[in-house]
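Here's the structure, in structure tokens; my notes come after.
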Amino acid sequence: MPLDIVVGTQWGDEGKGRIVDLLAAEARIVARYNGGDNAGHTVSAQGRLLRLHLIPSGILHPACTCALGAGMVVNPARLLAEIDELASLGVSVSTERLKLSASAHILTPAHLALDGAEEAGRGASEIGTTRRGIGPGYADKAARRGIRAGAMRDPEAFGLLVEEQVRAAGRLLERLYGLPAPDPRQAHGAYAGYADRLRPHLADVGAIVAEVLERGENVLAEGAQGTLLDLDHGTYPFVTSSHPTAPGALLGLGVGARHVGRVIGVTKAFQTRVGAGPFPTELFGGEAERLRGSGANPWDEFGTTTGRPRRCGWLDGVLLRYSSRLNGLTELVLTKLDILTGLDPLRLCRAYLFEGRELADAPPDPRDLAACSPLYDDVPGWNEPIGDVRSWADLPARARAYVERIERLVDLPIRWISVGPEREQVIRRGAPS
Ligand code: IMP
């Protein structure tokens, strides 16, 4: 059995957690490979809605082991809070069920403070980060002065490393930004305590994943954020600092390419983005509000991590084709189709107009995206509610036509379609060939 990879094809928030939750039923391991608690998905457990930022939703499947890979940056306080919250709901997060790569990097209070300070320092050109310390954490990793999770094996020595890191970063905060620094001694004590609790979860995630794959069992790699936020291939500099794309899964878990099976791209039926950066099909005013929702429902378009309203627009077929190429997608999952009910016409961006020319593909320099105007195909909408539909044949003809139009635009099959927030509100369109 292979390594299947689930990636977001847009700027994150495509509804990957939900699909991972469904696929996890057949997986021995569900593993995160990039990012940290900047991600977030809402899962329903024991009748309660739970927001998870680090632990994959596979944790709700008792037979499934969850892993946090080497490519991640982990805030241990946040991880422990999630473990405790799950435990309070009766979901056991034993050391058997949750493995933390010894090579993952650790976020400290100094990373969080630096993230905020750097954002404020950018002024009008701020990225709109989640302020969870992600960028500064990966910067330390690249500069080879990061603290890896494996250091938690010795809690006291780990506490000392954190203390030194917080002290050094504190000097930067005070001198460069004129801001108060976190207390190094306090961080030392707190992090030694976190290490004591987390060290039994430390593991060689790459080795565990490889062993499970060799045994013929299934592993699901869960990407956080989305393709267009990839550090190298996204809309730089308005990106995150990791690799949410499918190739990122191999490095971020430490597993070879020959194991890859399906590469499943999750795409919303429209486009959203939190934070700054180009967005060619963006809508404003009432049109955007219609797609966003009021915020009254947890699945409305407001950030799971930050609560910020998401920018909304029509589905961008040009960027979806780009995502397909970059990830080597084998299929698509289309989410939130129900939100389009009642909109007529629906618009699908098939190409851009850039400097008087029609572009079928995204311009090589992402900064040029801001000057691209979308060229739309208008598609007739439908008025029938579709939340109760469970089979392809029962969808209104116009909804089917919209889905098929997307398939033709990107030359990929859409295997699953979600028509509402509940687990069962999914239409399956047959097994992959
Ligand atoms: P950072 O990852 O916090 O550094 O934020 C960098 C950019 O990625 C900002 O535009 C964030 O809004 C965006 N971002 C980070 N994580 C997510 C996510 O899980 N969903 C959507 N956008 C995200």
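The values are calculated or read from the model by the stated rules, or taken from the named source; none is laboratory data. Keep in mind it's a predicted model, so treat the numbers as computed, not measured. All Cβ positions, glycine included, derive from the backbone under ideal geometry; neighbour counts span all protein chains shown. Side chains are part of the model used for accessible areas, which takes the heavy atoms of the whole protein and leaves out ligands, DNA and RNA. Shrake-Rupley method; radii C 1.70, N 1.55, O 1.52, S 1.80 Å.
Numbers at a glance
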item: Under-5 Å amide H pairs with residue 72, H placed in peptide plane, nonlocal only; result: 105
item: Size of charge dipole - the chain - debye, nearest 20, with Cβ of Lys, Arg +1 and Asp, Glu -1, no other charges; result: 380
item: Average accessible surface area per residue within the range 105-201, 1.4 Å rolling probe, Å²; result: 49
item: Convex hull volume per residue in cubic angstrom - Cα atoms of the range 1-86; result: 100
item: Heavy-atom accessible surface of the range 244-392: percent carbon and sulfur, 1.4 Å; result: 53
item: Surrounding net charge for residue 387, when Lys and Arg each add one and Asp and Glu each subtract one, Cβ distance under 9 Å; result: -3
item: Accessible surface of residue 26 - all protein chains present, 1.4 Å probe, nearest 10 Å²; result: 120
item: Part-to-part distance (alpha-carbon centres) for the range 355-423 and the range 277-312, which is given in Å; result: 18
item: Under the Karplus curve 6.51 cos²θ - 1.76 cosθ + 1.60, θ = phi - 60°, whole-Hz ³J(HN,Hα) for the range 148-160, x wherever Gly or Pro sits; result: 8, 4, x, 5, 5, 4, 10, x, 5, 5, 5, x, 5
item: In Å, descending, principal axis extents of the Cα set of the chain; result: 64, 50, 41
item: Solvent exposure ordering (accessible area, 1.4 Å, most first) of 320, 326, 160; result: 160, 326, 320
item: Taking the range 1-58 and dividing mean pair separation by its residue count, relative contact order in percent (alpha carbons under 8 Å, at least six apart); result: 33
item: Semi-axis lengths, Å, the range 47-120, gyration tensor of Cα atoms, sqrt of 5 times eigenvalues; result: 25, 15, 9
item: Sequence of 258, 144 when ordered by accessible area, the most exposed leading, probe 1.4 angstrom; result: 144, 258
item: Cα centre as origin, Lys/Arg/Asp/Glu Cβ charges: the range 105-201 dipole, Debye; result: 240
item: Residue-normalised accessible area of the range 291-378, expressed per residue, 1.4 Å probe, Å²; result: 42
item: Computed label-point distance, nm, for sites residue 423 and residue 46 using a 7 Å Cα→Cβ extension; result: 1.6
item: Reference-scaled alpha-carbon Rg (2.2 N^0.38 Å with N residues) for the range 282-433; result: 1.09
item: Surrounding net charge for residue 129, when Lys and Arg each add one and Asp and Glu each subtract one, Cβ distance under 9 Å; result: -2
item: Estimated distance in nm for a label pair at residue 296 and residue 388, the labels positioned 7 Å out from Cα along Cα-to-Cβ; result: 2.1
item: Rg over Rh [alpha-carbon atoms, Kirkwood Rh] for the range 105-201; result: 1.00
item: Solvent-accessible surface (1.4 angstrom probe) belonging to residue 391, in square angstrom, nearest 10; result: 40
item: Phi to ³J(HN,Hα) by Karplus 6.51 cos²θ - 1.76 cosθ + 1.60 over the range 195-212, Hz, x for Gly, Pro; result: 4, 4, 7, 8, 4, x, 8, 5, 7, 8, 4, x, 5, 5, 4, 4, 5, 5
item: Span from the the range 20-43 Cα centroid across to the the range 87-165 one, whole angstrom; result: 19
item: Net charge over other residues, Cβ less than 11 angstrom from the Cβ of residue 339 (K, R count +1; D, E count -1); result: +1
item: Residue 120 versus residue 357: modelled label distance in nm, points set 7 Å from Cα along the beta carbon direction; result: 4.5
item: Accessible surface, 1.4 Å probe, highest first, among residues 140, 338; result: 338, 140
item: Gain in span if fully extended, residue 174 to residue 236, counting 0.36 nm per residue against the direct Cα distance; result: 19.5 nm
item: Using θ = phi - 60° and Karplus 6.51 cos²θ - 1.76 cosθ + 1.60, couplings along the range 95-107 (whole Hz; Gly, Pro as x); result: 5, 6, 8, 10, 10, 10, 4, 5, 8, 5, 9, 9, 9
item: For residue 202, distant residues with modelled amide H under 5 Å away; result: 100
item: Under 5 Å, built H, 5+ apart or other chain: amide partners of residue 346; result: 379, 381
item: Convex hull projection area averaged over all views, the range 1-159, Cα basis, nm²; result: 10.7
item: Length-normalised contact order of the chain in % [C-alpha pairs under 8 Å, at least 6 apart]; result: 19
item: Relative contact order of the range 105-201, defined on C-alpha pairs under 8 angstrom at six or more residues apart (%); result: 32
item: Solvent-accessible surface (1.4 angstrom probe) belonging to residue 16, in square angstrom, nearest 10; result: 20
